[in-house]
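To keep things clear, I will list the structure first and then write my remarks on it.
The values are calculated or read from the model by the stated rules, or taken from the named source; none is laboratory data. Keep in mind the model is a prediction, meaning the values are calculated, not measured. Neighbour counts are summed over all protein chains in view; Cβ atoms, including those assigned to glycine, are modelled from backbone coordinates with ideal geometry.
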Amino acid sequence: MTRQSSTSSNTAPPRRLHLNVNILHSGFVPSAWRLADADPRAFIDVKHYVRVAQIAEAAKFDAVFLADNASIADQINFRPITALEPTILLASIAAATSHIGVIGTASTSYNEPYNIARRFATLDHVSGGRAGWNVVTTADLGSARNFGRDAVPDHAGRYARAAEFASVVKALWDSWEEGAIVGNKATGLFADTDQVHAAAHQGAHFAVQGPLNVPRSPQGYPVLVQAGASGDGRDLAARHAEAVFSASQSFDESLGYARDLKTRAAAYGRGPDAVKVLAGLTTIIGATEAEALRRRDELVDLIPWSYSLTRLAGTLGVTPDRLKLDEKLPDDLSLPGQGNGNHTFFHATLAQGRQHGYTVRELIRALAGGGGHRVIVGTPEQIADDIEHWFKAGAADGFNLMPDTLPGGLQDFVDGVIPILQRRGVFRREYEGTTLRGHLGLAVPENRYSAERAAALAV
């Protein structure tokens, strides 16, 4: 239930900050697993993920998020990887928590709509309405080869498939109307088959008959999440997404992105609050700024420069030998794979390097090891100030938090930053609902067949 103002029933509820934690195995910084209190095998230990989720839930975070990849996409000679399948892991997290949302990644390039619709509807049921699906198109060659392809499908083709994929999934989630399960023991009628519908989809990429074999889930649809900075990615988000993970490096860039996305969503007939922009944010926290900087440097210095160079080169679509540690980025960089690579992290990383005139060594240090997300190094007060500024000015509706280490860096954020945000009235002190849609302030989608029936009766 939405709280109303005590002075006027027509006053809109206050806008609230949204916070997710991205559980990147031992932490965002590649060397996090090397710390004395870290477990190198945490990346395959369900107890590690559950512990992180419970810390986040105690602080009233909206959700935990799990990325995914269908290949070994990092340098396993040095760093743990994203290994466990997200929905299975999230089901375990859901069983050990009661309120926090559970968002997982699944690729539209290497799955089929029916199995994804079923998987996330199941997760929504077993979590009591806390599931979200992060829609990705997957642009790495390793994943393509693991599914029998010699090349990554072209960018436009991937997004055309993704758009149709999302439409089919939503049609399958609408297969069962809310009242389809009758369960009348006296008459013996279990389900009203007039309220169970075939998707009967025939399109350019998919032919799916349906109906789904999972009844309508608690949220109607699990929350749809997307991440993409390209024009195709933004258009996909504007049509289908309800939350977007962005990778902006600057306030102005994020503000422009948020405005563009909401304008595109409005063109599809969606309201101004239909899509929440959650900016990626890595935090490295110290009691003083000097202590925080020292922590960052100690973590970065545990990373072999060869690892960071290779990682940065992969993001920029060049070979490592083109990057010289004590020189600036090359002038002639262009989108990887002639535009067929990851647009989001390429642009975010390039913007950081160009804006500050960094050498490659300085850029790697600023990115805490060569990743593409924004990094804040400072005290809890400094981090809270930054978050509040972005939020209140409309550059973001919230943040997809990636602490430097897990669970320690998250605990530092919870102990230091959350109380400041709560005192300022920016972040919740208690959950006001039990579903992920409730946390995000999103409406439950109306079933298309129920809507058609109601419209017909109204005539």
For this session: Take region 90-114 and flag every residue that is over 13 Å from residue 22 (Cα atoms) and among the hydroxyl-bearing types (Ser, Thr, Tyr).
Result: 92, 97, 98, 107, 108, 109, 110, 114
Exercise. Are there any pairs, at least 6 apart or on different chains, whose C-beta atoms fall under 8 Å, with the first in region 346-366 and charged (D, E, K, R) and the second outside any helix (DSSP H, G or I), and if so, which?
Worked result: 354/329; 361/325; 361/326
For this session: From the list 110, 49, pick out the single residue that is modelled with pLDDT of 95 or more, of a type outside the set (Val, Ile, Thr) and closer than 30 Å to residue 209 by Cβ.
Result: 110
Seminar exercise, completed: The correct count of residues that are more than 19 Å from residue 254 (Cα to Cα) and in contact with a Leu (Cβ under 6 Å, 6 or more places away or on another chain) in region 349-363 is 2
Exercise. Say we look at region 425-447 and pick out the residues that are surrounded by fewer than 14 Cβ atoms within 10 Å (Cβ to Cβ) and among the charged types (D, E, K, R); which of these is nearest to residue 94 (Cα to Cα)?
Worked result: 430
Problem set entry | helices (runs of 4 or more DSSP H) completely within region 249-354 that count 3 or more residues being surrounded by 19 or more Cβ atoms within 10 Å (Cβ to Cβ) | 251-267, 289-301, 305-316
For this session: Collect the residues in region 97-124 that are buried (at least 18 other Cβ atoms within 10 Å of the Cβ), under 18 Å from residue 174 (Cα atoms) and not charged (D, E, K, R), keeping them in residue-number order.
Result: 113, 114, 116, 117, 120, 121, 123
For this session: Keeping to region 263-295, report how many residues are of a type in the set (Lys, Arg) and touching a Gly at 6+ places or on another chain (Cβ under 9 Å).
Result: 3
Exercise. Taking residue 208, is it at pLDDT 95 or above and either acidic (Asp, Glu) or under 30 Å from residue 57 (Cα atoms) (or both)?
Worked result: no
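Only one residue in 35, 90, 66 is surrounded by fewer than 19 Cβ atoms within 10 Å (Cβ to Cβ), modelled with pLDDT of 95 or more and hydrophobic (A, V, I, L, M, F, W, C). Which one?
Of 35, 90, 66, the one residue that is surrounded by fewer than 19 Cβ atoms within 10 Å (Cβ to Cβ), modelled with pLDDT of 95 or more and hydrophobic (A, V, I, L, M, F, W, C) is 35.
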Exercise. From the list 444, 375, which residue is among the aliphatic types (A, V, I, L, M), closer than 30 Å to residue 45 by Cα and either in contact with a strand residue (DSSP E or B) (Cβ under 8 Å, 6 or more places away or on another chain) or not in a loop (DSSP other than H, G, I, E, B) (or both)?
Worked result: 375
Exercise. Which of the residues that make up region 130-161 are more than 17 Å from the chain's Cα centre (by Cα), touching a residue at least 40 places away in the same chain (Cβ under 8 Å) and outside any helix (DSSP H, G or I)?
Worked result: 140, 147, 152, 153, 154
Exercise. Within region 207-235, which residues are of a type outside the set (D, E, K, R), closer than 20 Å to residue 254 by Cβ and not in a loop (DSSP other than H, G, I, E, B)?
Worked result: 225, 226, 231, 233
Problem set entry | Options 196, 169; residue that is touching a strand residue (DSSP E or B) at 6+ places or on another chain (Cβ under 6 Å) and either buried (at least 22 other Cβ atoms within 10 Å of the Cβ) or modelled with pLDDT of 95 or more (or both) | 196
